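Report on one structure; see the data block that follows.
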């Protein structure tokens, strides 16, 4: 374990290795000299370069010290206590000294050796912003591996910048896997535990600190070599006026991976906006779990953005609900419910203030289940979970002055999966209807997703008092709405992408499309899907994305 070996001594002896180390100090400082006869006399130096005959040129800040050492024939030692903590050369003699106005340039032979002593477990090699080292994290709480960028590395652990999904990780859990890919193709893998999570609400990113565990001697040696290479690369690029070859660790071996990424279709603008809203929602959950309050500013922003999106292009917003951004089912369910709430409530002419309040409540109405430890839509349908979950959100919204209590009651209480004979307000009926429809159209545990029409019929059968709102919903979305799935006589499946003026399917997308396409990318597909076949595409399929 690295704790048992807090320091390590490295010896650089070869000419190339020594110069590679010294090259990191060219023009940037960080190196010092001291008089061997009087170690207390020391001053900073800057490596100028390596002259003909392996003459090392150094610019000495203290011209008086340099001149005295040269005149007396005193030996000097190069040393540094930055970066790798402490390093020093063998004794050197100043062969030439040119005194300038405020400094001096001295010439010595190239050191025969450099001894490096480092506290390996304490030193963190920080990556420059332009050094891209992708990191993949997998483990408990994560629906899929989370991608990020390495910020710094040490023998003891690392710091990583990650997407918002990282907030679902469990602190102090030792079961996470960290994989770092360097530009050269070298991979570093380790098991680790989460030490801390630092959330930034400005860009919905998470900075996570990891501690490596079960470190073997081979693992420790590999990490330390990576740490040294990162430091060398940082020093190499510190002087923008000099052109040095990058360290081998940061020399790209191929651009194949970049070409693969570039060939992927970008998400639609609406899908990107919904993902940002889902990111903000998972931060709200994290704050509640951590004992903090909901951010009303973030809720207002998300509600207003959804309303603008629904008003500008409802079909884009609805189709974007097919996205799978990797959040827990309840988080994405809340976002999708809020999208439909914004569309239908706006269609019904709900006043702006009430509309914002209703959409905001829809966005957070299930967050209480997550706070209580359930990420499942199946659990959210059980009455035993509902009272506690609703109480969590009602308490969090109690001091919000722009969300009326009546709206909270309607969306959270009446909008919950309450008994069919329960008394509900109109807004509560709408929230319940849309929530049940979205729930029925998703795969939940052992329950297969239902087609939209079947789900609508079942909800109206179980809740007769929702029939009027079902008619309003059909008037808003159509009988076969955008984002529903249909098939042709050959059993080929398509997503409904857009409706015509009579609310019939007008634009279809093959279900093989995993990235949500922009309108411009549909032209070729529409040339292949002629209008004559659309009449046959009226058979919903009992599957979901």
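Per-structure values
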| read-out | value |
| --- | --- |
| Residue ranges of strands (runs of 3 or more DSSP E) in segment 21-85 with at least 2 members modelled with pLDDT under 90 | 31-35, 42-51, 75-80 |
| Given (1) surrounded by 14 or more Cβ atoms within 10 Å (Cβ to Cβ); (2) under 23 Å from residue 366 (Cβ atoms); (3) in the same structural domain as residue 317 (by the TED database), number of the condition residue 453 does not satisfy | (2) |
| Tally, over segment 434-473, of residues that are part of a loop (DSSP other than H, G, I, E, B) and closer than 17 Å to residue 423 by Cα | 1 |
| Single residue of 138, 184 found to be more than 15 Å from the chain's Cα centre (by Cα) and not assigned by the TED database to the domain that holds residue 72 | 184 |
| So residue 173, is it in the same structural domain as residue 19 (by the TED database) and touching a strand residue (DSSP E or B) at 6+ places or on another chain (Cβ under 9 Å) | no |
| Where residue 50 falls short, out of the listed (1) surrounded by fewer than 20 Cβ atoms within 10 Å (Cβ to Cβ); (2) without any contact (Cβ under 8 Å) to a residue 60 or more places away in the chain | (2) |
| Subset tally (residues that are in a loop (DSSP other than H, G, I, E, B) and either touching a helix residue (DSSP H, G or I) at 6+ places or on another chain (Cβ under 8 Å) or not assigned by the TED database to the domain that holds residue 161 (or both)) for segment 187-236 | 3 |
| Qualifying residue in segment 386-395 (condition: touching a helix residue (DSSP H, G or I) at 6+ places or on another chain (Cβ under 9 Å), buried (at least 21 other Cβ atoms within 10 Å of the Cβ) and modelled with pLDDT of 90 or more) | no |
| Any chance residue 324 is part of a loop (DSSP other than H, G, I, E, B) and either closer than 20 Å to residue 436 by Cα or without any contact (Cβ under 8 Å) to a residue 60 or more places away in the chain (or both) | yes |
| Residue check for residue 115: buried (at least 19 other Cβ atoms within 10 Å of the Cβ) and outside any helix (DSSP H, G or I) | no |
| Condition met for residue 466 (over 22 Å from residue 269 (Cα atoms), modelled with pLDDT of 85 or more and surrounded by 15 or more Cβ atoms within 10 Å (Cβ to Cβ)) | yes |
| Every pair of residues 6+ apart whose Cβ atoms lie under 9 Å, when the first sits in segment 61-83 and is outside the structural domain of residue 38 (by the TED database) while the second is surrounded by 15 or more Cβ atoms within 10 Å (Cβ to Cβ) and in a loop (DSSP other than H, G, I, E, B) | none |
| Members of segment 469-498 that are loosely packed, with under 13 Cβ neighbours inside 10 Å, out of contact with any helix residue (DSSP H, G or I) (no Cβ under 8 Å at 6 or more places or on another chain) and not assigned by the TED database to the domain that holds residue 320 | 490, 491 |
| Count - residues of segment 118-128 that are surrounded by fewer than 18 Cβ atoms within 10 Å (Cβ to Cβ) and either out of contact with any strand residue (DSSP E or B) (no Cβ under 9 Å at 6 or more places or on another chain) or modelled with pLDDT of 90 or more (or both) | 2 |
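The values are calculated or read from the model by the stated rules, or taken from the named source; none is laboratory data. None of these values were measured; they are calculated from a predicted model. So basically every Cβ, Gly included, is an ideal-geometry build from the backbone, and we count neighbours across all protein chains shown.
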